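The values are calculated or read from the model by the stated rules, or taken from the named source; none is laboratory data. No experiment lies behind these values; they were computed from the predicted model shown. Please note: Cβ atoms are built from the backbone with ideal geometry, for glycine as well, and neighbour counts cover all protein chains shown.
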Amino acid sequence: MPPPERLIGLVGKTNVGKSTFFAAATMATVEIGNRPFVTLEPSVGVGYVRKRCVHVELGLPRCDPASGFCLEGWRFIPVKLADIPGLIPGAHEGKGLGNQFLDAIRRADAVILVVDAAGATDAAGNPVPPGSYDPIEEVRWLERELEEWMYSIVQKDWDRFAMKVSTTGENPVDALAQRLSGLSVTRRHVEAALKYAGLEGRQLTSWSREDLRRFVAGLRRSKPMLIAANKADLPEAEDNIKRMRRELEYPVVPTSAAAELALRKAARAGLIRYIPGDSDFEILDESRLTSQQRRALEYIRENVLRRWGSTGVQEAINRTVFELLDMIVVYPVEDANKFTDGRGRVLPDAYLVPRGTTARQLAYMIHTDLGRTFLYAVNAKTKQRVGEDYVLQDGDVIKIVAAAAKRG
Ligand SMILES: Nc1nc2c(ncn2[C@@H]2O[C@H](COP(=O)(O)OP(=O)(O)OP(=O)(O)O)[C@@H](O)[C@H]2O)c(=O)[nH]1
Ligand SMILES: [Mg+2]
């Protein structure tokens, strides 16, 4: 069984382009519209990180991905994305669509906060002239809404929980991690939040409401977050993005989800050659373009690709996975000389695993039996044997050798 796919939640104010980002990244069909609350239910789809494929480094002519795909030497490895209905200030009190659907990000490993960097929508998501609304203000109240949502989950039955922990003498860190595992909060996150709140070593029963709030503030920070400064194609976005980069404590990636969606559609229709994440595209057949299509493509080239280097959608996903979640890519194979699996497929699997994963842990991800009967691994690039504690490096190609079993 391959490692669980990472889940990235797309969160933000209503009418900022979350569904457009989702549609561009997954090529799924979802409703998009310039008014508040178009999306009513969360949906999950498959997007991809983009990385140079190891088949290029190994001098192989091609590879055979079992999932995802490889385009001109770029390997696209699946990650899950969740498109979530939009928020407005007061969502935690039920305003707009409320915040029940934030439950969709409970299991999210990281969040891309999609923000209208052009300020073209007011706090309630109504269209206004670009430049009218401050995206930094948007980020600040979104943080508050996320925190209120988490608080409502954490404080539920708190007194009884605190009492139980104190009477059973359970380790509070373990108890909290257990209690919050549904928020994909781990022991490490709990420790960081306790430290942030200055509550290390304090009895849970002695916490005041204020203490609990500070703890939740710390917890919110444990959900890694990146800002997609969307609508970056509009001229009003430029100064806002500069300010956001200066003032916000999150990575800020300028994006034009609308441009990415248009480019992917044009590529799929065979009108242009464009690999998601590229800094330019190539028109394949001038004669098939309407003048309107040509103008739209020119607009994207001038206002997005030349200005920002790419549409930013791929960069936002890549940085979320590789920087915020600190994942690396490893390629398990069964034949360390041919770089194939048992069926002769070249480099079929590209696993996203946390940095620090060992050879033995990788074996377990492939198959529990393989983990149990692990003997040693072979680094297929160097043909060297490595032991169970070998820490995998980004781009490693690894063969696992196990006892008895034929597999490996
Ligand atoms: N200029 C510009 N407009 C965009 C961009 N991305 C999305 N839009 C437009 O913004 C509007 C809202 O897009 P959606 O993707 O439906 O927004 P949403 O955040 O999913 O909104 P709700 O689901 O209603 O909360 C649409 O008119 C999109 O065409 C962008 O990068 N640039
Ligand atoms: Mg939507």
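Does G96 meet the test of being more than 19 Å from the chain's Cα centre (by Cα), touching a residue at least 12 places away in the same chain (Cβ under 8 Å), within 16 Å of ligand 2 (Cβ to nearest atom) and farther than 20 Å from L352 by Cα? Yes: the conditions hold for G96. Looking at L97, L7, L81, just one residue is closer than 30 Å to V397 by Cα, within 16 Å of ligand 1 (Cβ to nearest atom) and not aromatic (F, W, Y), and that residue is L81.
Filtered by the rule that a residue be touching a helix residue (DSSP H, G or I) at 6+ places or on another chain (Cβ under 6 Å) and in a loop (DSSP other than H, G, I, E, B), segment 347-366 gives a lone residue, L347. When segment 1-53 is limited to residues that are within 13 Å of ligand 2 (Cβ to nearest atom) and acidic (D, E), the one that is farthest from R107 (Cα to Cα) turns out to be E31.
Each row is one residue, and each column tells you yes or no for (1) assigned by TED's automatic domain parsing to the domain that holds F21; (2) charged (D, E, K, R).
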residue: I105; (1), (2): yes, no
residue: D134; (1), (2): yes, yes
residue: E138; (1), (2): yes, yes
residue: D159; (1), (2): no, yes
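When each of S222, S208, S166 is tested for being surrounded by 15 or more Cβ atoms within 10 Å (Cβ to Cβ), more than 30 Å from the chain's Cα centre (by Cα) and of a type in the set (S, T, Y), the lone residue that passes is S166. R245 meets the stated requirement of being within 14 Å of V115 (Cα to Cα) and either assigned to a helix (DSSP H, G or I) or assigned by TED's automatic domain parsing to the domain that holds A120 (or both).
Yes or no: N318 in contact with a Lys or Arg (Cβ under 7 Å, 6 or more places away or on another chain) and assigned to a helix (DSSP H, G or I)? Against the criterion (in contact with a Lys or Arg (Cβ under 7 Å, 6 or more places away or on another chain) and assigned to a helix (DSSP H, G or I)), N318 qualifies.
Screening T340 on (1) within 19 Å of H55 (Cα to Cα); (2) in contact (Cβ under 8 Å) with a residue 24 or more places away in the chain; (3) surrounded by 17 or more Cβ atoms within 10 Å (Cβ to Cβ) shows it passes everything except condition (2). From the set of residues in segment 266-314 that are within 21 Å of P78 (Cα to Cα) and within 13 Å of ligand 1 (Cβ to nearest atom), which is surrounded by the fewest Cβ atoms within 10 Å (Cβ to Cβ)? Here the residue is S310.
Can you confirm whether A259 is under 30 Å from L297 (Cα atoms), in contact (Cβ under 8 Å) with a residue 24 or more places away in the chain and in the same structural domain as L142 (by TED's automatic domain parsing)? Spelling it out, A259 is indeed under 30 Å from L297 (Cα atoms), in contact (Cβ under 8 Å) with a residue 24 or more places away in the chain and in the same structural domain as L142 (by TED's automatic domain parsing). Inside segment 224-252, can you point out the residues that are in contact with a strand residue (DSSP E or B) (Cβ under 6 Å, 6 or more places away or on another chain), away from ligand 2 (no atom under 16 Å from the Cβ) and in contact (Cβ under 8 Å) with a residue 60 or more places away in the chain? Across segment 224-252, the qualifying residues are P224, M225, L226, I227, A229, A232, I241, M244, Y250, P251. If you check D239 against the conditions, is it surrounded by fewer than 21 Cβ atoms within 10 Å (Cβ to Cβ) and either under 24 Å from the mean Cα position of the chain (by Cα) or among the charged types (D, E, K, R) (or both)? Taking the combined requirement at face value, the residue satisfies it.
Taking the criterion of being of a type in the set (V, I, T), within 16 Å of ligand 2 (Cβ to nearest atom) and in contact with a Pro (Cβ under 7 Å, 6 or more places away or on another chain), would at least one residue in segment 65-85 satisfy it? Scanning segment 65-85 turns up at least one residue that is of a type in the set (V, I, T), within 16 Å of ligand 2 (Cβ to nearest atom) and in contact with a Pro (Cβ under 7 Å, 6 or more places away or on another chain). Of the residues examined, A377 is not one that is in a loop (DSSP other than H, G, I, E, B) and over 24 Å from the mean Cα position of the chain (by Cα).
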